[in-house]
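Everything on this sheet refers to the single structure shown next.
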């Protein structure tokens with residue numbers, strides 16, 4: 001199949017970086033007060049290199065304290081979810097796997113809600129209590145899903161994992177509803193948070209997220225060859241000398257880290273980890289050497305743009321960002337499931 | 001050097017004992033085949049060697065060290081595996097898949113792709129003749145090509161041992177031999193599971209027979225491929241024979257054995273210019289005939305009269321044309337020529353110790369004494385003059401075929417001696433003529449004869465009847481010569 005012009009154009013890092021930059025600038029630019037790109041550049045340069053600026057202080061304030069942290073967080077969360085999706089799909093050899101569809105996001109959300117509900121504050125973790133508890137829940141959920149799937153069916157068919165994801169989502173969803181019901185008014189805002197949002201988070205949330213994001217991304221970017229090996233099955237991976245158990249754990253840990261931390265700061269934003277790797281694979285093929293960095297860039301750009309749509313489409317009110325991603329992701333998910341079932345039945 | 005030493009290895013899945021105290025050794029550079037019926041433990045053994053399963057009891061030593069000592073990457077540099085099915089991942093090109101095989105040579109944290117890596121990958125792609133397809137997506141390859149791509153990945157591991165689990169599954173005949181030839185040339189130590197006994201015999205230096213998780217035998221194909229061994233391992237009736245070109249034994253399955261119940265086994269028709277003997281069922285034949293000579297199965301036996309001055313550059317082709325014109329299928333026909341008048345053919349038959357039938361045409365114009373033939377200057381082979389057909393309703397071993405041939409020849413020679421037939425050039429008593437032909441045909445049913453030498457029951461009767469028939473035929477020849485004069 002010859003590649004289309006668009007595929008060729010998108011299949012390099014320069015295009016991807018340009019698109020990512022454009023998405024970031026657009027995210028900062030659009031809002032109740034429109035800000036031209038030039039002002040954004042000026043303000044950024046001013047803050048980094050103290051160059052002179054003509055941008056009014058109020059605008060500068062909006063850019064730096066409100067818009068920028070929101071857009072950066074959206075970008076990082078999008079990148080994190082896309083990377084986690086790539087990792088799950090590579091490891092499980094399952095194009096339907098993403099943090100949301102296999103229930104890991106819901107697990108992390110339960111962890112986050114527990115932190116809110118019990119006002120948890122572990123002193124040795126400080127403000128990192130929230131992401132760390134979320135990550136732990138994400139990891140435990142993931143291990144449970146894998147164990148369950150393997151017990152149910154040795155070869156871990158695609159549909160099995162998806163079914164288990166549905167069970168997980170239903171169960172954790174009711175656990176969260178239960179906690180919200182018990183808590184009365186205080187946790188009402190949790191519901192909108194659960195739908196996923198990067199609104200009103202500020203730099204503190206970005207700084208809460210960044211350490212885990214860096215560790216998780218590094219964890220995956222150092223395992224590109226292993227991810228490629230796992231794509232050919234665990235047996236093949238073992239045959240070419242991959243330390244299967246150890247490397248698998250590393251990859252799962254990294255993906256859980258990214259998922260858990262993302263959920264902790266932005267709630268459950270579904271399908272990013274499904275849509276982006278799928279689209280990117282169409283552009284650059286399955287090799288993780290390219291798939292991983294391009295998914296990173298396109299995932300970030302995607303969520304930054306989704307956020308723009310979420311806050312402009314019914315302005316001045318905002319939609320949860322998860323609504324936008326699900327609107328795009330769910331039909332794609334249905335299509336992929338349909339295709340895999342069709343392939344099976346011939 | 002011993003590359004692999006398996007010592008007293010047992011393995012069980014739950015309650016089920018799959019391997020029981022298996023021991024064997026594979027030498028460096030050997031092509032080692034593992035055979036056995038389904039459920040004999042072949043695959044489990046292979047999985048232990050590839051470390052997909054860990055040892056339960058016993059020890060395996062690879063290149064002198066215990067199998068569990070090696071780290072995953074070290075082991076992958078030593079042993080590569082070509083699985084029965086190649087898992088194909090969508091969206092990867094052939095080259096990307098093959099590159100994975102360099103994994104054990106790269107450091108974990110800062111992997112570097114060196115010129116050497118690139119060289120090894122391209123060499124392997126050339127070796128499996130996939131270089132031209134290196135940028136093609138895997139899902140666009142045929143099954144055989146995918147298997148070759150998997151082999152290329154195994155080769156770039158630069159292993160010392162290659163493990164193959166039925167490597168030629170899902171391949172057509174040409175692809176199978178291509179792959180196996182490639183492996184044979186690679187000089188690697190190869191351990192392979194085979195389903196096809198004949199392919200194993202052609203390629204393996206040694207074989208291991210497994211049954212019910214135990215070693216039944218281990219040795220060269222020539223040692224192991226005998227009928228009773230195969231029957232005891234595979235529960236199948238097989239016959240052994242020899243490869244037509246290579247010094248390798250082959251086996252053939254015998255799906256069923258029909259008993260002869262027909263009264264009429266052969267049918268003779270005498271024409272103006274030929275005698276045709278047709279058998280009701282195919283007979284196994286050893287002959288020196290012009291068409292269909294050697295070992296083969298046949299239903300039609302033609303002794304054709306040609307004139308004494310018959311000359312043809314390609315007599316065989318001319319004979320085949322002749323047979324076709326007569327409506328015979330040359331694939332099932334044994335055809336020979338004689339200058340003798342076909343009316344003088346002699347038939348005899350007997351029922352003891354088995355039913356057999358002898359037909360002889362004789363002319364002694366070209367009589368030769370083989371002991372003194374070197375003194376003769378001529379080298380022209382004109383149409384055969386003593387043609388002997390022997391049909392036996394019995395089951396002859398290959399050795400018995402050869403012995404029957406000897407017996408018949410000796411009887412013929414004695415007939416010539418007693419008839420005082422003289423080699424006209426050396427003036428000594430002839431042993432035969434320059435282009436004699438003999439056919440030994442057996443129905444391969446009924447009584448089994450391992451030997452058919454001159455002193456065996458069957459040999460005695462054969463010799464007697466051939467001797468008598470040849471003498472009669474010479475008499476008739478001489479009479480007709482007298483008449484013509």
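The values are calculated or read from the model by the stated rules, or taken from the named source; none is laboratory data. Remember, predicted model here, so these are calculated numbers, not experimental data. We place every Cβ from the backbone using ideal geometry, glycine too, and count neighbours over all the protein chains shown.
Within the stretch B:369-387, is there a residue that is closer than 30 Å to residue B:482 by Cα, within 30 Å of the chain's Cα centre (by Cα) and in contact (Cβ under 8 Å) with a residue 60 or more places away in the chain? Looking through the stretch B:369-387, at least one residue is closer than 30 Å to residue B:482 by Cα, within 30 Å of the chain's Cα centre (by Cα) and in contact (Cβ under 8 Å) with a residue 60 or more places away in the chain.
The criterion of being on the phi > 0 side of the Ramachandran plot and more than 14 Å from chain B (Cβ to nearest Cβ) holds for residue A:271. Where in the stretch B:196-309 are there strands (runs of 3 or more DSSP E), lying fully within it, with 3 or more residues that are in contact with a helix residue (DSSP H, G or I) (Cβ under 7 Å, 6 or more places away or on another chain), under 23 Å from residue B:395 (Cβ atoms) and modelled with pLDDT of 90 or more? Here the list reads B:294-305. Residues in the stretch B:61-84 that are within 10 Å of chain A (Cβ to nearest Cβ), in a loop (DSSP other than H, G, I, E, B) and in contact (Cβ under 8 Å) with a residue 40 or more places away in the chain: 1 in all.
Per-residue answers, yes or no, for (1) at pLDDT below 90; (2) under 28 Å from residue B:103 (Cα atoms):
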residue	(1), (2)
A:256	no, yes
A:260	no, no
A:263	no, no
A:267	yes, no
A:272	no, no
A:276	no, yes
A:280	no, yes
A:285	yes, yes
A:288	no, yes
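Just for the stretch A:241-268: of the residues that are without any contact (Cβ under 8 Å) to a residue 60 or more places away in the chain and crowded, with 24+ Cβ neighbours inside 10 Å, which one is nearest to the other protein chains (Cβ to nearest Cβ)? Ranking the candidates gives A:241 first. Scoring residue B:394 on the criteria (1) within 27 Å of the chain's Cα centre (by Cα); (2) within 22 Å of residue B:338 (Cβ to Cβ) leaves a single failure, condition (2). I'd like to check something: does the stretch B:401-418 contain any residue that is in the same structural domain as residue B:319 (by TED's automatic domain parsing) and assigned to a loop (DSSP other than H, G, I, E, B)? No, every residue in the stretch B:401-418 fails to be in the same structural domain as residue B:319 (by TED's automatic domain parsing) and assigned to a loop (DSSP other than H, G, I, E, B). Here residue A:277 fulfils each of the conditions (1) buried (at least 24 other Cβ atoms within 10 Å of the Cβ); (2) more than 14 Å from chain B (Cβ to nearest Cβ); (3) at negative phi apart from (2). For the stretch A:224-236, the set of residues classified as surrounded by 22 or more Cβ atoms within 10 Å (Cβ to Cβ), more than 7 Å from chain B (Cβ to nearest Cβ) and more than 18 Å from residue B:109 (Cβ to Cβ) consists of A:230 only. Here residue A:331 does not fit the description of being closer than 30 Å to residue A:111 by Cβ and within 14 Å of chain B (Cβ to nearest Cβ). Consider residue B:367 carefully, then state whether it is closer than 18 Å to residue B:430 by Cα and assigned by TED's automatic domain parsing to the domain that holds residue B:422. Spelling it out, residue B:367 is indeed closer than 18 Å to residue B:430 by Cα and assigned by TED's automatic domain parsing to the domain that holds residue B:422.
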